[in-house]
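As structure tokens, the structure follows; a few thoughts come after it.
What follows is calculated from the coordinates using simple rules that are stated; it is not laboratory data. This one's a predicted model, so the numbers in the text were calculated from it and none came from an experiment. Neighbour counts are summed over all protein chains in view; Cβ atoms, including those assigned to glycine, are modelled from backbone coordinates with ideal geometry.
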There are 2 protein chains.
Amino acid sequence: MKTYLDCLPCLLNQALNASRAATDDEELHRQVLNRVAEMIPELSLGLNPPEIAQQCYRLIHEVTGNSDPFREAKEVATRAVLGIYPRLKEVVATAAEPLLTACKLAIAGNSIDLGPSYNNHGSVDNIMEEALASPLAVDNYEQFLSGIKKAHRLLYLGDNAGETVFDRILIEELLRVKELEIDFVVRDKPVINDATLRDALAAGIHKVARIISNGSDAPATILAQCSPEMLELYNTADIIIAKGQGNYESLSEEPGNIFFFLKAKCPLVARTMGVNVGDAILKQSHNAND
Amino acid sequence: MKTYLDCLPCLLNQALNASRAATDDEELHRQVLNRVAEMIPELSLGLNPPEIAQQCYRLIHEVTGNSDPFREAKEVATRAVLGIYPRLKEVVATAAEPLLTACKLAIAGNSIDLGPSYNNHGSVDNIMEEALASPLAVDNYEQFLSGIKKAHRLLYLGDNAGETVFDRILIEELLRVKELEIDFVVRDKPVINDATLRDALAAGIHKVARIISNGSDAPATILAQCSPEMLELYNTADIIIAKGQGNYESLSEEPGNIFFFLKAKCPLVARTMGVNVGDAILKQSHNAND
């Protein structure tokens, strides 16, 4: 997905939020804003939004000296969702369609995002209740189910910390219905509140899948930046689950049998998908080879 | 009121909205964003937000060649409120407290604002209904009433086009209860959708008050930029009604027996006033000499 002019004020806003999470020094907050403002005239809109966000978060690290402003927020989110893990398991187990329910919960978990302005995800209880009450605004679940039935190797591209616990529950449900080899991909370095190896381990992903880094510090899956190991898995997976807006923005035009699981969090992503902000999306890539 | 770092992303967003209203040329939208971004590192936060917005809107004029991007929007808003003028008059005339009702309507009319992101004012019917249904979150009406009883000369600092029709109804009600000499102040040149002489005339303000320009193109009342005539009226008025956020931001620390009538439209203004975004405010200046 290309970058729109509307992304530029949003970028400045994200930079301010992240710099405040990184340090209490208001002088440094101003320096971050000035540096991001100086970037704007040079930015190519041919880049996708996460490529621009990556530059911005590298700059926040450089100015504030803090490489992981959302460390604590990520840990809090993971603990909060782990706290309702038994209830989530019960909800899935007693659902009329357990796999569909696990998918809806995994999509709802994508609300735990500290990047775009849409981050009022409320409590984890709210996330769970909303997931169960709301229909999917884009619903390619039948195609996904058909893809899973034919698949042996699944690549799962994670997004945010905390959301990873919802991902684990979906993976457990997938493994209950089908013998699958699953690789769970994390960001190589901290960026926003995206899950790294540490966050995936905290969520217990290692108990159900192999965790690998994508080799990049983008809040997305930018194939040109990924490690050879990651690209090998990407190219040979039978089916790919890509969580979140960043992975959608970076992969919507790429090949692969991809299913995007996300909440539409910004007006532009929502518009390109023909949905409303806040809607839950399970969308098959238009490049999918089903 | 001082400028916060949060105002800077908002400024960029306003610049984008206004440049889109000014021209369909996307290349010019980008140029506006680049020029505003370049302004950011140089901006002093000692300026108040309307002083910064003034620089931004001058730049939009310079880049796009359009000095009045919201011309049509202002005319549409004025016509829409004039369309319910008879109903508004009826509502005030039959209210238990007609002057209070006229005040609440004049405050609700401040929703018609194309500057900050909070501009989802809905229809004029919604504005009217919300005004009648909602209490004032800051309620200095008794002090205002007491001030009016003692006053002979009232200075009314207008804000947006369309809102001016609500202002006219309040002025008519004030004149019904008290003999007053009223001057209605407009911006000297177009800025955002603020009322100029043309918009005040379209709303019929000249039928109830003398209209004067403040001599400035700021979306506010910046005393250092005002004409001698306007300053003379400001300094000799017994009571001043200042409509909207811009007038509040520029006058909250200035002397004068001012009553601020506004909707809190941005989180920072709301926070400084201890209210929520969307709340209706009738606030006496802490410098008021009552």
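Hey, with R₀ at 45 Å, roughly what FRET efficiency would A:D24 and B:E254 work out to, going by the Cβ-Cβ distance, to 0.05?
0.90
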Item checked: Euclidean distance of C-alpha centroids, the stretch B:156-212 and the stretch B:217-239, integer Å -> 15 Å
Item checked: Cβ charges +1 (Lys, Arg) and -1 (Asp, Glu), total dipole of chain A, debye -> 420 debye
Item checked: For a label point 7 Å along the Cα-to-beta-carbon line of A:R198, residues of the stretch A:206-231 with backbone N under 20 Å -> A:206-207, A:211-220
Next item on the list: Taking the Cβ of B:T272 as the centre, find all other residues whose Cβ is under 10 Å away and add up their charges (Lys, Arg: +1; Asp, Glu: -1).
Entry: +1
Check: With a sphere of radius 12 Å drawn around the Cβ of B:Q54, what net charge do the other residues whose Cβ falls strictly inside it have (Lys, Arg +1; Asp, Glu -1)?
Finding: -2
Item checked: Estimated [θ] at 222 nm from DSSP helical runs (n ≥ 4, -39500 (n - 2.57)) normalised by residues in chain B, nearest 500 -> -15000 deg cm²/dmol
Check: For peptide A:5-16, how many partner chain Cβ atoms fall within 10 Å of a residue's Cβ, on average?
Finding: 6
Notebook entry, point to check: Going down the table (B:K2/B:K104; A:K2/A:K149; A:K263/B:K2; B:K74/B:K265; A:K243/B:K263), which pairs top 30 Å between alpha carbons?
Noted result: A:K2/A:K149; A:K263/B:K2; A:K243/B:K263
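Report the net charge of residues surrounding A:R71, where surrounding means a beta-carbon distance below 10 angstrom and charges are Lys +1, Arg +1, Asp -1, Glu -1.
On the way: positive: A:K74, A:R198; negative: A:D68, A:E72, A:E75, A:D199.
Summing Lys/Arg as +1 and Asp/Glu as -1 gives -2.
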Next item on the list: With θ set to phi - 60°, apply the Karplus curve 6.51 cos²θ - 1.76 cosθ + 1.60 along the stretch B:185-193 and write out the HN-Hα couplings as whole Hz, x wherever there is a Gly or Pro.
Entry: 9, 10, 5, 6, 9, x, 8, 6, 10
Checklist line | Charge-dipole axis of the stretch A:124-175 as Lys and Arg at +1 and Asp and Glu at -1 on Cβ define it, positive-most pick from A:L132, A:G162, A:Q143 | finding: A:Q143
Item checked: Inter-label distance, nm, simple model (7 Å from Cα along the C-beta direction), B:T236/A:N235 -> 8.5 nm
Note to self: Suppose we keep just the DSSP beta bridges with both residues in the protein assembly as shown; what percent of those would be antiparallel, to 5?
What the structure shows: 25 percent
Next item on the list: Compute the long axis of helix A:49-64 from its Cα atoms, compare it with the longest principal axis of the Cα atoms of chain A, and write down the angle in degrees, 0 to 90, nearest 10.
Entry: 50 degrees
Item checked: Tilt relative to chain B, helix B:26-39 - C-alpha long axis, 0 to 90 degrees, to 10 -> 80 degrees
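Could you compute the FRET efficiency for A:K89 and A:S146, with r as their C-beta to C-beta distance and R0 at 22 Å, rounded to 0.05?
Working: r = 26 Å, r/R0 = 1.16.
Given R0 = 22 Å and the Cβ-Cβ separation, E is 0.30.
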Notebook entry, point to check: Using alpha-carbon pairs under 8 Å, 6+ residues apart, how would you state the relative contact order of chain A in percent?
Noted result: 20 percent
Item checked: Spacing of the two label points (7 Å from each Cα toward its C-beta) at B:D125 and A:L45, in nm -> 3.8 nm
Next item on the list: Let me have the relative contact order for the stretch A:133-290, percent, based on Cα pairs under 8 Å that are six or more residues apart.
Entry: 26 percent
Next item on the list: Compute the acute angle (0 to 90°) between the alpha-carbon long axis of helix B:141-150 and the principal axis of greatest extent of the alpha-carbon atoms of chain B; round to the nearest 10°.
Entry: 70 degrees
